[in-house]
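As C-alpha cells, the structure follows; a few thoughts come after it.
Since every read-out is calculated from the coordinates, none of them should be taken as a lab result. Quick caveat: nothing in here was measured; it's all calculated off a predicted structure. Methodologically, a virtual Cβ is constructed for each residue, glycine included, from the backbone with ideal geometry; neighbour enumeration extends over all protein chains shown.
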Amino acid sequence: MRLLRTPTLDLATPENALAPEVKERKVIIDLKDVKKVYQMGDLEVHALQGVNLKIYEGEFVSIMGPSGSGKSTLMNILGVLDQPTHGEYYLDGVNVERLRENQLASVRNKKIGFVFQSYNLLKRTTALRQVELPLIYAGASNRMKRAKAALTAVGLERRMDHLPTELSGGQQQRVAIARALVNEPAMILADEATGNLDSKSGSEVLQIFQRLNEEQGITVVFVTHDPWIARHSKRLIMLRDGKVVADQPVPQPLKAGEQDRPSEAAELETIFKSTYYGATKEEFN
Ligand SMILES: Nc1ncnc2c1ncn2[C@@H]1O[C@H](COP(=O)(O)OP(=O)(O)OP(=O)(O)O)[C@@H](O)[C@H]1O
Ligand SMILES: [Mg+2]
C-alpha cells in the first residue's frame, strides 16, 4: 500500500508542533545539533545526523520512524545512558556533557524513569523488591511504603510477591513502570514499552502513561512502531536516517481504552495524512 506523499516537509519545524501555552512552560529537553556516530572497525555509522529538539515540561510525545532510523539512539541520549558525539544536550537547563559520572548516575536515578521493550526485570526478585531497588540505590526512606504505592498505581497491589515468571507480559511491564516511577521522576522515557504486549495490555500501559502525564504533569516521551499508539500522544516526532523529518501536534489525541482500534489501513491513513514521508508500510513493522 502506498499512501500520499507530502511534497514539502515544512511541518518539521518544531514551532508548528506546539500549542502556545506549552511554549510558556520550562524546556526540559533541549538538543542542539546532536549527532551520534558509532565506530564499527573502519566503518562509521551515523545514527543521528543533527537533531534539534525542544521538549517542554508536561508534554506527551511519541517518536516514530523506520527500523534503524535512530530512535533508540536518541532515547539513550535523552536518558543519559549514552552521550552524543557532537552537539549539546541540556536536560533541565544543565549541559549533561559537563556532569561527572556520579552526577549522571544521580540524574538517571532521580529525574528519569526508563521503560524498555524487554522489561529488564531481575529474574529471582519479587515485584516489590524490584520496585524498591531504585529507592535503596537513592538512599530513600519509607522504601517499602513507596514501592507498594507505585505498584498499586499500576494496578499490581495483589501481585507484589510474585516473581517475573509468575506474571504476564503486561504485568511485568507494569512492574517495570512502577520501578521507573517510584523515584517520582520528572520524565518517563519508554522505548517500545508496548511493543511486546497484546492490545489490551498495551492499552493499560498507555492509560498509566496518560494518567501520569495528566494528573502529575510528568513528561512522557515514548517510541512506538504503532500509529494507533502514537495517536494517544499529543505530539508526534518522526525520525528518518537519523534526522527529524516531521514534528507536529496530534489532532485530538485518543484516550487509552476508550475507542476500538480501527483497521490498520485507516489508522495509517489518519496519522500519516500530513506527515507521511515516503517509507513503505513494512518499514514501520
Ligand atoms: N551500539 C551500536 N554500535 C554500532 N551501531 C549501532 C549501535 N546501536 C545502533 N547502531 C546503529 O545505529 C543506527 C540506529 O540504530 P537505533 O537502534 O537507534 O535504531 P531504531 O530506530 O531504534 O531501530 P528499531 O526500530 O529497529 O529499534 C542503526 O543503523 C544501527 O545499526
Ligand atoms: Mg530501537
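The rows are residues; the columns are (1) closer than 26 Å to Leu254 by Cα; (2) of a type in the set (Gly, Ala, Ser); (3) outside any strand (DSSP E or B).
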| site | (1), (2), (3) |
| --- | --- |
| Leu48 | no, no, no |
| Ile63 | yes, no, no |
| Asn76 | no, no, yes |
| Leu81 | no, no, yes |
| Glu88 | no, no, no |
| Gln103 | no, no, yes |
| Ser118 | yes, yes, yes |
Is it true that Arg240 is among the basic types (Lys, Arg) and closer than 30 Å to Ser141 by Cβ? no
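Tell me which residues, restricted to the stretch 65-85, are near ligand 1 (Cβ under 6 Å from one of its atoms) and at positive phi. Show your work before the answer.
Residues of the stretch 65-85 near ligand 1 (Cβ under 6 Å from one of its atoms): 65, 67-73.
Of everything in the stretch 65-85, those that are near ligand 1 (Cβ under 6 Å from one of its atoms) and at positive phi turn out to be Gly65, Gly68, Gly70.
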Hand me the list of helices (runs of 4 or more DSSP H) wholly inside the stretch 154-252 holding 2 or more residues that are of a type in the set (D, E, K, R). 169-181, 199-216
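Quick one: in the stretch 65-74, of everything that is assigned to a helix (DSSP H, G or I), over 14 Å from Asp30 (Cα atoms) and not small (Gly, Ala, Ser), which residue is farthest from ligand 2 (Cβ to nearest atom)? It would help to see each step written out before you state the result.
Our first condition is that a residue be assigned to a helix (DSSP H, G or I); within the stretch 65-74, this holds for 71-74.
Narrowing the set further to residues that are over 14 Å from Asp30 (Cα atoms) leaves 71-73.
Cutting the leftovers down to not small (Gly, Ala, Ser) gives us 71, 73.
Working: Lys71: 5, Thr73: 8 Å.
This residue is Thr73.
What tally of residues in the stretch 188-231 results from selecting those that are touching a residue at least 60 places away in the same chain (Cβ under 8 Å), within 14 Å of the chain's Cα centre (by Cα) and away from ligand 2 (no atom under 16 Å from the Cβ)? It would help to see each step written out before you state the result.
Here is the first cut: in the stretch 188-231, the ones touching a residue at least 60 places away in the same chain (Cβ under 8 Å) are 188-193, 195-196, 199, 209-210, 213, 217-225, 227, 229-230.
Now narrow it down to the ones that are within 14 Å of the chain's Cα centre (by Cα): 188-193, 195, 209-210, 213, 218-225, 229-230.
Next, only the ones that are away from ligand 2 (no atom under 16 Å from the Cβ) stay: 188, 209-210, 213, 218-220.
Summing the residues that are touching a residue at least 60 places away in the same chain (Cβ under 8 Å), within 14 Å of the chain's Cα centre (by Cα) and away from ligand 2 (no atom under 16 Å from the Cβ) in the stretch 188-231 gives 7.
Tally the residues that are among the charged types (D, E, K, R), surrounded by 20 or more Cβ atoms within 10 Å (Cβ to Cβ) and within 10 Å of ligand 1 (Cβ to nearest atom), restricting the search to the stretch 28-64. Full working, then the answer.
Residues of the stretch 28-64 that are among the charged types (D, E, K, R), as a first pass: 30, 32-33, 35-36, 42, 44, 54, 57, 59.
When the remaining residues are screened for being surrounded by 20 or more Cβ atoms within 10 Å (Cβ to Cβ), the result is 36, 59.
So of that shortlist, the ones also within 10 Å of ligand 1 (Cβ to nearest atom) come out as 36.
Total meeting the criteria: 1.
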